[in-house]
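The values are calculated or read from the model by the stated rules, or taken from the named source; none is laboratory data. Just so we're clear, the structure is a prediction, and the values are computed from it rather than from any experiment. We place every Cβ from the backbone using ideal geometry, glycine too, and count neighbours over all the protein chains shown. Side chains included, ligands, DNA and RNA excluded: accessible areas come from the protein's heavy atoms. Shrake-Rupley method; radii C 1.70, N 1.55, O 1.52, S 1.80 Å.
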Amino acid sequence: MYLSTALKQTDRIMNKQTVRDIDVSGKKVLVRVDFNVPLDGKTGEISDDSRIHAILPTLDYLFERGAKIILCSHLGRPNGKVTESLRMGVIANRLSELLKMPVKTVKDCVGSETKKAAAKLSSSEVLLLENLRFYPEEEENNPEFARALANLADIYVNDAFGTAHREHASIVGVTNYLPSVAGLLIEKEIQHLSGIIEKPAYPFGGLFGGAKVSDKVDMLENIMANVDYLFIGGGMAATFLKAKSYQTGLSLIEEDSLGTAAMLMERARNNGSKLFLPLDVVVAAEPNEKALGETVDIENIPPDKMIVDIGLRTIEYFSKGLRGCKTIFWNGPMGIHEISRFATGTRAMAELLAETNAVTIIGGGSSAEVMTSMGLANKITFISTGGGASLSFLGGRKLPGVEALLDESD
Ligand code: ADP
Ligand code: MG
């Protein structure tokens, strides 16, 4: 029921051609993917390969039609310089394991060697180009660089949802030189995310946390119009509590966002949405492994401590509200979840979302990583692969990477 509604909406909202609308048989297809996966700081191994898994449906589609597949992506922030620790080799290995076939690589993403490697591809072979951001031209959306990428192929497919909010050469510039369509991941992301903006099953609950209000104002405002229940935890809760004149001690506060928090609370009242703020919180002297937590009511936050998690009473209170929802959107952890002692609230919310029968959508970033690391990702209706891109889309902004693709009517 939910999905069919969402599907119809996408037809209207996306209005873009997908890989299904174009003949890819035997063609050289340049696919921009988002393989910007988290790497373990010590071993350099991939710590979460969800973004690689997410691209497999598009690859299967292309394999079945004998396309010659040229994949390109960025990894990390090399800032326009060749950076050994950010080479794509580790990704090629994982992709090869998942596909159970060899994945070819080249040492560059443009240039004559790359062009030769692309030209030599046979049907259903895969070539993964080197990190696009080794060139500053990528983030500058340089037309020459975009043209050099385009020269490798006959067709361009954008399936890099996580980067679709960026105006980069491999996302936007390249579409000036090749017939350009969306991949199946972008299509699915837009279906699910537009589904919750347009017509969620009510009651609809929005559960928000994470560090900053300022990153998320547009999204909060946009979603606010729709939610029946609004739950605010994490660092964000401190700004809301302060705006309600509670003492918040050393908690992370965005002074600039106090007015925004007040405005959002006013909006919630006017919309008739019920606002759930913490009743109790875990506080600590410092945000580190050594600090001990103590639970206090929000009226009693000590001046020399900071909020690091929601308390048990709040977990109960939020859980009760969330259990009454038919759709739940979650973005942002309830506390400093990287420190296991302060991850209780975040883990409790993750478990609740895994158990509920409601439609559950997670807006990328840390909340998605938590779900995956707890082994609960398969219990969620949809987890977005794009943190910034999903926030941008849910904030009502157009994604340049989608806008640049061929219209349905072209
Ligand atoms: P997401 O990536 O899910 O969008 P954010 O990037 O906004 O979420 O926020 C994630 C960060 O928020 C985490 O690193 C977490 O430690 C931090 N955080 C959560 N609660 C608090 C808090 N009470 N004080 C400080 N930081 C917090
Ligand atoms: Mg984040």
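Just a few scattered comments:
- Flag if residue 404 is out of contact with any His (no Cβ under 9 Å at 6 or more places or on another chain), more than 14 Å from ligand 1 (Cβ to nearest atom), among the small types (Gly, Ala, Ser) and without any contact (Cβ under 8 Å) to a residue 40 or more places away in the chain: no
- Those residues of the stretch 348-373 which are open to solvent by 40 Å² or more (accessible area, probe 1.4 Å) and more than 26 Å from residue 217 (Cβ to Cβ), in sequence order: 351, 355, 357, 372, 373
- Filtered residues of the stretch 358-396 (kept if within 16 Å of ligand 2 (Cβ to nearest atom), over 10 Å from the mean Cα position of the chain (by Cα) and without any contact (Cβ under 8 Å) to a residue 40 or more places away in the chain): 370, 371
- Scanning the stretch 112-165 for residues that are farther than 19 Å from residue 81 by Cα and in a loop (DSSP other than H, G, I, E, B) yields a total of 14.
- All of 299, 254, 294 fail the test of being in contact with a helix residue (DSSP H, G or I) (Cβ under 7 Å, 6 or more places away or on another chain) and acidic (Asp, Glu), apart from 254.
- Where a residue in the stretch 234-258 is touching a residue at least 40 places away in the same chain (Cβ under 8 Å) and its partner, wherever it lies, is of a type in the set (Phe, Trp, Tyr) and buried (at least 18 other Cβ atoms within 10 Å of the Cβ), with Cβ under 7 Å and at least six apart: 236/208
- Residue match in the stretch 104-114 (condition: open to solvent by less than 20 Å² (accessible area, probe 1.4 Å), hydroxyl-bearing (Ser, Thr, Tyr) and without any contact (Cβ under 8 Å) to a residue 40 or more places away in the chain): yes
- Residue list for the stretch 119-158, filter: more than 27 Å from the chain's Cα centre (by Cα), closer than 12 Å to residue 27 by Cα and surrounded by 20 or more Cβ atoms within 10 Å (Cβ to Cβ): 152, 153
- Within the stretch 36-67, the set of residues being in contact (Cβ under 8 Å) with a residue 60 or more places away in the chain and touching a Ser or Thr at 6+ places or on another chain (Cβ under 6 Å) comprises 38, 48, 50, 51, 54, 63.
- Taken over the stretch 192-210, the criterion of being hydroxyl-bearing (Ser, Thr, Tyr) and either open to solvent by 10 Å² or more (accessible area, probe 1.4 Å) or within 16 Å of ligand 1 (Cβ to nearest atom) (or both) is satisfied by 202 alone.
- Filtered residue count, the stretch 233-255, keeping only those that are away from ligand 1 (no atom under 16 Å from the Cβ) and either modelled with pLDDT under 95 or not in a loop (DSSP other than H, G, I, E, B) (or both): 0
- Matching residues, the stretch 346-373, being among the polar types (S, T, N, Q) and either in a helix (DSSP H, G or I) or touching a Ser or Thr at 6+ places or on another chain (Cβ under 9 Å) (or both): 346, 360, 366, 367, 372, 373
- Just one residue in the set 323, 341, 313 is free of Cβ contacts under 8 Å to residues at least 60 places away in the same chain, under 27 Å from the mean Cα position of the chain (by Cα), away from ligand 1 (no atom under 14 Å from the Cβ) and open to solvent by 20 Å² or more (accessible area, probe 1.4 Å); that residue is 323.
- Taken over the stretch 383-401, the criterion of being away from ligand 1 (no atom under 15 Å from the Cβ) and open to solvent by less than 20 Å² (accessible area, probe 1.4 Å) is satisfied by 399, 401.
- If you go through the stretch 203-232 and keep only what is assigned to a strand (DSSP E or B) and not aliphatic (A, V, I, L, M), you end up with 204, 205, 206, 208, 229, 231.
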